[in-house]
Amino acid sequence: MLDLVVRGGRVVAPWGVGAWDVAVQGEKIVAVAEPGTLPLDAGRVIDATGKIVIPGGIEPHAHAAMPLPYPNARDRGVRAAPPDVISKACVFGGTTTIVDFANWRPGIELVQAIEEKDRLFRGHSHADYTFHAVLVGMGTEGSTPERAVPLPLSLIDQVPELIRSGFSTVKVWTTNATTKRPRQMMDLGHVWAVMERVAKAGGVLAVHAEDEDIVMYMHRRLHEEGRIGTEFLHEAHNTLSEDLSFRRVIRLGERTGCAIYLMHVSAKEGVDAIAEARRRGLPVYGETLHHYASFTSDVYRAPTGPLYHTYPSLKSAEDGAALWRGLLDGPIATIATDVLFCPAEVKLAGHTIEDTVGGNAGTEERVGITWTEGVVKRGMSLGRFVDVTSANAAKIYGMYPRKGALQPGSDADIVLIDPSIRKRLGLDDLHAADHSVWEGWDIHGWPVTTMLRGKVVVENGRLSGALSDGALIGGRKTSPEVLRGPGGAW
């Protein structure tokens with residue numbers, strides 16, 4: 001007897017969209033079949049009539065329990081919210097897998113960074129999870145720039161072993177973002193060395209790419225001009241910075257043969273650089289944020305402006321339109337949140353280009369907003385919607401088709417979206433944060449049921465899952481097709 005059958009929905013599968021039934025046995029999908037062809041005696045039948053049935057979303061960019069490296073937060077020892085908060089928001093919003101960051105620090109090996117982050121999540125997550133290993137140009141003993149420790153070259157040599165052990169993504173920064181944060185950036189010589197090892201081992205390098213020279217010059221200039229408020233963040237982190245940094249990183253990737261994942265693309269120039277690289281067949285993939293595509297830097301002028309910020313910055317309406325085109329047409333592979341939950345009072349305590357706290361609390365809204373803004377308003381196909389919210393992240397990060405697909409053998413991470421829901425989003429619709437930049441946004445469709453590996457964890461607005469449900473996704477191996485480049489359909 002089957003454990004569970006989802007009947008009557010419009011199912012988005014890798015091969016197309018259709019009126020199929022989905023059968024689950026244990027933690028796996030065992031069939032996607034024509035209506036009426038599955039056995040009638042299932043342990044439970046979920047009626048999905050009128051719903052869209054998709055694979056569980058993948059949040060490709062999250063920061064749980066991160067010490068906040070901004071003066072107004074660092075001095076008080078403030079950390080971002082832990083996994084239990086982020087994962088609760090995720091499953092309510094139709095996301096079943098979280099990708100966080102395991103940061104190297106002096107005194108540990110790369111594999112120990114993964115083990116430390118796993119201990120933080122294990123038994124404390126409603127969703128499955130995995131990690132990028134993070135290399136920083138200068139590690140910190142504590143959290144102040146004065147205690148910076150150079151990255152040992154021997155640590156770069158640990159990258160291939162880590163990738164072969166099943167953690168196929170590594171992250172670096174090319175900027176420190178502000179003049180007051182611990183030195184995190186890696187110069188291009190060291191990025192080159194990391195790329196060589198990532199490419200050789202069959203991994204993907206994720207990059208927070210900004211041009212440090214431009215960012216630091218703009219900080220100096222804005223200080224001298226007395227224009228250092230939050231409303232000037234888009235000048236400190238401008239489109240020229242994104243253009244230069246993306247193209248330099250892409251050129252290094254081309255030289256080394258390394259697959260590159262450019263994080264939180266914020267500008268038209270970034271979209272264009274990725275599109276040009278992909279037309280040349282290079283394995284370059286872009287990520288943007290749903291609020292980057294939907295808001296402009298004008299919101300920084302409001303008293304609530306700091307709530308909208310994550311680095312690099314919001315840009316113009318033209319840039320937002322380019323991001324949506326990239327999501328619709330292919331240069332942008334994934335839509336993320338850059339998740340960082342902290343109280344509104346912490347976000348609002350930052351008022352300048354130096355101390356405005358980055359990160360965003362909108363992970364619960366990610367899938368639903370992408371549905372409204374992408375599918376309903378801009379005509380995004382259902383297949384493309386699944387690509388940008390789930391499947392592409394699974395492919396790039398080496399989890400596909402275990403994650404990101406509704407097909408036999410995949411994990412039974414299944415989400416039902418009710419496209420008939422019409423409402424203005426309020427804080428009482430959300431379940432983890434004390435603020436949302438999406439409050440008051442008109443939505444047209446929303447996730448209503450979430451299943452994690454065959455277990456119903458959210459249904460009818462109620463959490464039925466447990467913090468012990470989430471499991472580490474190791475054994476990740478990015479496919480040769482992704483590593484070679486966008487020669488295929490996507």
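The values are calculated or read from the model by the stated rules, or taken from the named source; none is laboratory data. In this text the structure is predicted, and so the values were computed from the model without any measurement. Using ideal geometry, Cβ is built from the backbone for each residue, glycine included, and neighbour counts are taken over all protein chains shown. These accessible areas exclude ligands, DNA and RNA; they are computed on the full protein's heavy atoms, side chains included. Shrake-Rupley method; radii C 1.70, N 1.55, O 1.52, S 1.80 Å.
Here Val299 fulfils each of the conditions (1) part of a helix (DSSP H, G or I); (2) open to solvent by less than 10 Å² (accessible area, probe 1.4 Å); (3) over 27 Å from Glu196 (Cβ atoms) apart from (2). The number of residues in segment 317-329 being out of contact with any Asp or Glu (no Cβ under 9 Å at 6 or more places or on another chain) and either open to solvent by 10 Å² or more (accessible area, probe 1.4 Å) or within 18 Å of Met66 (Cβ to Cβ) (or both) comes to 5. Examine segment 361-380 for a residue that is in contact with a Leu (Cβ under 9 Å, 6 or more places away or on another chain), of a type in the set (Lys, Arg) and modelled with pLDDT of 95 or more, and state whether such a residue exists. The answer is yes; a qualifying residue exists.
Within segment 444-478, restricting attention to residues that are polar (S, T, N, Q) and open to solvent by less than 40 Å² (accessible area, probe 1.4 Å), which residue is nearest to Pro408 (Cα to Cα)? Walk me through how you get there before you give the answer.
Going through segment 444-478, the residues polar (S, T, N, Q) turn out to be 449-450, 460, 464, 468, 478.
The next check asks that each one be open to solvent by less than 40 Å² (accessible area, probe 1.4 Å); those that pass are 449-450, 478.
Values: Thr449: 20, Thr450: 18, Thr478: 20 Å.
So, considering only residues that are polar (S, T, N, Q) and open to solvent by less than 40 Å² (accessible area, probe 1.4 Å), the one nearest to Pro408 (Cα to Cα) is Thr450.
When you scan segment 416-431, how many residues do you find that are open to solvent by less than 50 Å² (accessible area, probe 1.4 Å) and within 20 Å of Ile52 (Cβ to Cβ)? Residues in segment 416-431 being open to solvent by less than 50 Å² (accessible area, probe 1.4 Å) and within 20 Å of Ile52 (Cβ to Cβ): 7 in total.
Count of segment 330-351 residues, restricted to those that are crowded, with 21+ Cβ neighbours inside 10 Å and in contact with a helix residue (DSSP H, G or I) (Cβ under 7 Å, 6 or more places away or on another chain), is 10. Looking across segment 43-80 at every residue that is open to solvent by 20 Å² or more (accessible area, probe 1.4 Å) and aliphatic (A, V, I, L, M), the one that is nearest to Thr334 (Cα to Cα) is identified as Met66. Restricting segment 432-443 to residues that are in contact (Cβ under 8 Å) with a residue 40 or more places away in the chain and either part of a helix (DSSP H, G or I) or of a type in the set (D, E, K, R) (or both), the residue that is most open to solvent (accessible area, probe 1.4 Å) is Asp434.
Would you please name the residue that is farthest from Met1 (Cα to Cα), looking only at residues in segment 25-62 that are acidic (Asp, Glu) and in a loop (DSSP other than H, G, I, E, B)?
In the first step, residues of segment 25-62 are kept if they are acidic (Asp, Glu); the result is 27, 34, 41, 47, 59.
Next, only the ones that are in a loop (DSSP other than H, G, I, E, B) stay: 27, 34, 41.
Working: Glu27: 14, Glu34: 18, Asp41: 6 Å.
It comes out as Glu34.
Just to be sure before I move on: is Val482 more than 17 Å from Glu364 (Cβ to Cβ), touching a helix residue (DSSP H, G or I) at 6+ places or on another chain (Cβ under 7 Å) and either buried (at least 19 other Cβ atoms within 10 Å of the Cβ) or of a type outside the set (Val, Ile, Thr) (or both) in the structure I sent?
On the way: more than 17 Å from Glu364 (Cβ to Cβ): yes; touching a helix residue (DSSP H, G or I) at 6+ places or on another chain (Cβ under 7 Å): yes; either buried (at least 19 other Cβ atoms within 10 Å of the Cβ) or of a type outside the set (Val, Ile, Thr) (or both): yes.
In short, yes.
Only residues that are in contact (Cβ under 8 Å) with a residue 60 or more places away in the chain and open to solvent by less than 30 Å² (accessible area, probe 1.4 Å) were counted in segment 103-131, giving 8.
When the test is whether a residue is within 18 Å of the chain's Cα centre (by Cα) and farther than 23 Å from Gly326 by Cα, Leu472 passes it.
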